[in-house]
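Notes for the one structure printed next.
The values are calculated or read from the model by the stated rules, or taken from the named source; none is laboratory data. These numbers come from a predicted model, not from an experiment. We place every Cβ from the backbone using ideal geometry, glycine too, and count neighbours over all the protein chains shown.
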Amino acid sequence: MRAGIGRLFVVLVLAGGAAFAPVTASSTTSERLETVAKLLRAEDTRTFDRDLLSSAAASSDPWLRKKSALAAGRIRDPEATELIAGLLRDPDAAVRRAAAFAAGVPAEPRLVPPLIRALADPDAATASAAAFALGKIGGSDATGALLSVLDSASPARAAAAMALFRSEEPRVRERLALLAVDPAASAEIRRGAVYSLARRTVNENAAALRAVLGRKESEEEPDAIAWAARGSGILKDPEAVPDLLRLASSAKVSIAVQSILALEKIVAATNDAEVGEKARNVALLRAEDPIPGVAVAALRLLGRVPGDAVARRTLEDIFLRKGWRGQTALVSLTRLDMASGRERAAKRLSDAAASDSLELKLGTCEAMEVVTDDVAESVGARLLSDGSARVRSAAVSFLSKRKAPIPDTRLLAALNDPSPSVRAAALEAVAPRLEAAPTLVPAWEKAFARSFGTAEPDDVVTALEAAAARGAAGRALMAAKVDDPDAVVREKARRLMVEKFGATSSGFRKIPVTSGRTMADYCELARMASGVAAEVEIKTVRGGFRIALDFEEAPATSFSFYTLAKRGYFNRLLIHRVVPDFVVQTGDPRGDGSGGPGYVLRDELNALTYERGTVGMALSGPDTGGSQWYVALAPQPHLDGGYTVFGRVVSGMEVLDRIEQDDRLLSVKVREKKR
């Protein structure tokens with residue numbers, strides 16, 4: 001009966017009927033949790049259970065209706081379209097918000113009309129979520145509706161401006177360029193417009209970005225200035241240089257980092273001696289900055305400008321200190337020396353490759369892109385046989401980018417390497433060469449087959465992408481995996497068949513996803529989602545910070561992190577990835593960026609946004625989460641709705657600002673409390 005009521009409600013809504021009036025009786029606590037547990041199971045197994053979802057959508061409990069909306073989106077089944085559309089007219093604003101967000105997860109074009117109506121929702125958050133979903137779906141109707149919002153007094157204007165970042169239409173770029181410098185628009189609206197311009201840069205928008213850079217920092221959103229700097233760097237706009245030089249000295253980390261990185265791109269593209277000299281002076285001022293992201297950006301810039309005695313001494317001094325900064329200084333010194341002292345560069349790189357410093361070895365790998373063939377051959381041989389799998393993998397990746405190919409004997413050794421990450425790098429490097437090097441085919445195919453026995457999504461995804469690069473030969477390998485029992489393998493193979501070989505997704509048969517969880521497990525997740533809060537105390541070599549896990553928005557992901565932390569899984573792990581003004585990432589037991597816990601988490605996409613301090617799950621593609629997690633160092637709107645958010649930093653963010661790549665976690669401890 002309740003399923004029938006849910007379907008009737010959907011029909012009424014799609015026909016423009018009145019708002020839904022729930023008719024079912026209130027649920028008991030146990031019934032409520034049982035329903036949520038079933039919804040979690042449906043999400044996890046990607047099963048569209050019409051009766052379950054319709055019943056939850058018809059509940060008198062707004063929390064259950066909200067959960068049904070979110071589940072309908074996460075399942076990504078076209079059959080859930082009508083249910084989501086119906087919940088967009090729910091009397092409870094929280095339910096409508098969830099439905100609007102959920103509509104953007106499968107990006108189903110049939111949801112465009114109800115989402116356009118939702119742009120006028122009296123709840124500003126719902127209207128903004130609808131704008132976000134329309135931006136993900138795209139198309140002429142969705143884009144036109146978002147442009148109309150920009151010309152209105154809607155509270156969703158800022159969201160609409162930011163949602164248009166995916167569009168490449170000239171009319172969109174023109175409108176956003178005007179909005180970005182409109183003094184009558186709010187700072188938040190201008191911020192959204194600048195973000196979109198910076199993500200999809202075209203030369204016609206350079207003037208608007210420069211106008212933002214020219215404003216006083218006190219007059220503009222700091223994020224907008226940082227994004228404008230980033231966009232100017234992508235455009236390699238020489239007219240932006242005066243403002244970028246000024247902003248590179250900013251006390252605001254994002255503005256400084258993005259301005260310095262933009263200067264690096266412009267200097268490398270223009271070879272203007274005067275600009276290079278000014279950029280060098282700015283870089284020298286920030287090369288010893290206490291914030292490593294700023295210092296690393298400055299050290300990179302020093303490798304692009306004409307070197308003088310002071311710059312060289314600075315780089316050499318920092319190189320001798322090793323670590324992440326030393327790694328960056330090594331690459332910059334190599335760039336300078338290849339122009340004036342090739343022998344000196346070769347000696348330094350040879351010594352670094354033989355050192356006991358992981359960072360200097362990784363820097364040597366990176367430097368292989370800029371050295372001559374003889375240096376690459378002699379130093380590269382040492383790197384390819386290094387005792388660290390991470391170094392060998394990096395060596396294969398960087399050496400394969402050179403015009404001079406890696407010798408077949410070296411590639412053969414990499415394809416047979418005991419490390420999955422090295423084999424993965426070799427699969428990518430060798431795939432385009434197989435037609436000209438048939439002797440490598442047997443080893444390549446053996447390494448490809450071995451990738452599916454590691455239980456690591458990164459290895460699987462890399463292998464399939466490498467196979468796709470082989471063209472017709474890879475198509476057969478891909479086709480053999482489209483019905484694979486492993487969901488990660490199956491879904492990646494299917495996506496590549498569609499994207500690379502023109503297959504249609506409707507031609508694949510539905511195969512249930514096996515989660516490995518029991519109903520009792522889902523009941524426990526439901527209990528934690530409804531009433532448990534947990535904080536995680538994390539100690540690093542730079543100090544400590546605390547994270548609050550969000551069991552309600554991401555119960556399975558939070559519970560996995562919680563469980564791993566309680567058993568000491570994260571203790572002593574490397575912080576293997578730090579990207580200035582982007583993320584700090586850790587959680588890999590292999591330490592090479594490709595490892596995990598031996599199981600896979602399905603995405604739990606939610607409406608939480610990537611602000612500074614947001615904690616998210618690292619992926620190598622949809623539904624490939626595991627134990628690697630990251631903290632955003634600055635707002636990252638392009639990650640919203642694409643990567644599971646499962647927590648936020650509640651104290652100690654200044655510690656994360658000081659963390660350098662290859663620092664270590666010392667301990668990760670959990671403290672549970674009732675909400």
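Residue under question is Ala142, and the condition is that it be more than 27 Å from Glu79 (Cβ to Cβ), assigned by TED's automatic domain parsing to the domain that holds Ile75 and either crowded, with 18+ Cβ neighbours inside 10 Å or hydrophobic (A, V, I, L, M, F, W, C) (or both); does it hold?
Answer is no for this residue.
Residues checked against (1) part of a strand (DSSP E or B); (2) within 30 Å of Ser167 (Cα to Cα):
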site	(1), (2)
Gly595	no, no
Gly616	yes, yes
Leu619	no, yes
Ser627	no, no
Gly642	no, yes
Phe646	yes, yes
Glu654	no, no
Ser667	yes, no
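Just give me the residues in segment 148-164 being touching a helix residue (DSSP H, G or I) at 6+ places or on another chain (Cβ under 6 Å) and either surrounded by fewer than 20 Cβ atoms within 10 Å (Cβ to Cβ) or β-branched (Val, Ile, Thr) (or both), in sequence order.
Val149, Pro155, listed by residue number.
Take the residues in segment 105-120 that are in a helix (DSSP H, G or I) and of a type in the set (D, E, K, R), then tell me which one is surrounded by the most Cβ atoms within 10 Å (Cβ to Cβ).
Arg117
Any idea how many residues of segment 502-538 are free of Cβ contacts under 8 Å to residues at least 12 places away in the same chain and either surrounded by 20 or more Cβ atoms within 10 Å (Cβ to Cβ) or closer than 13 Å to Thr45 by Cβ (or both)?
So the answer is 3.
So, in segment 334-378, how many residues would count as being assigned to a helix (DSSP H, G or I), more than 17 Å from Lys403 (Cβ to Cβ), of a type in the set (A, V, I, L, M, F, W, C) and more than 33 Å from the chain's Cα centre (by Cα)?
3
So, in segment 27-64, of the ones that are of a type in the set (S, T, N, Q) and part of a helix (DSSP H, G or I), which residue ends up nearest to Arg602 (Cα to Cα)?
Thr45
Is one or more of the residues making up segment 542-557 surrounded by 16 or more Cβ atoms within 10 Å (Cβ to Cβ), free of Cβ contacts under 8 Å to residues at least 60 places away in the same chain and either touching a strand residue (DSSP E or B) at 6+ places or on another chain (Cβ under 9 Å) or not aliphatic (A, V, I, L, M) (or both)?
yes
When you go through Glu428, Glu456, Glu499 one by one, which is the residue that is within 26 Å of the chain's Cα centre (by Cα), in contact (Cβ under 8 Å) with a residue 60 or more places away in the chain and either over 30 Å from Thr35 (Cα atoms) or surrounded by fewer than 19 Cβ atoms within 10 Å (Cβ to Cβ) (or both)?
From the options Glu428, Glu456, Glu499, the qualifying one is Glu456.
In segment 440-494, which residues are among the small types (Gly, Ala, Ser), under 26 Å from Gly587 (Cβ atoms) and not in a helix (DSSP H, G or I)?
Selection gives Ala455 alone.
I want to confirm something. Restricting to segment 58-86 and keeping residues that are of a type in the set (A, V, I, L, M, F, W, C) and over 20 Å from Leu525 (Cα atoms), which single residue is surrounded by the most Cβ atoms within 10 Å (Cβ to Cβ)? Don't jump to the end; show me each part of the working.
Looking only at segment 58-86, we keep the residues that are of a type in the set (A, V, I, L, M, F, W, C), and these are 58, 63-64, 69-72, 75, 80, 83-85.
With the extra rule that they be over 20 Å from Leu525 (Cα atoms), the set shrinks to 58, 80, 83-85.
Details: Ala58: 25, Ala80: 25, Leu83: 27, Ile84: 31, Ala85: 23.
Result: Ile84.
So which residues in segment 393-418 are in contact with a Ser or Thr (Cβ under 7 Å, 6 or more places away or on another chain) and modelled with pLDDT of 95 or more, if there are any at all?
Start the filter on segment 393-418 by keeping residues that are in contact with a Ser or Thr (Cβ under 7 Å, 6 or more places away or on another chain), which leaves 393, 406, 408.
The one that is in contact with a Ser or Thr (Cβ under 7 Å, 6 or more places away or on another chain) and modelled with pLDDT of 95 or more: Ser393.
Could you count how many residues in segment 182-241 are crowded, with 23+ Cβ neighbours inside 10 Å, of a type in the set (Ser, Thr, Tyr) and free of Cβ contacts under 8 Å to residues at least 60 places away in the same chain?
Looking only at that region, the number is 2.
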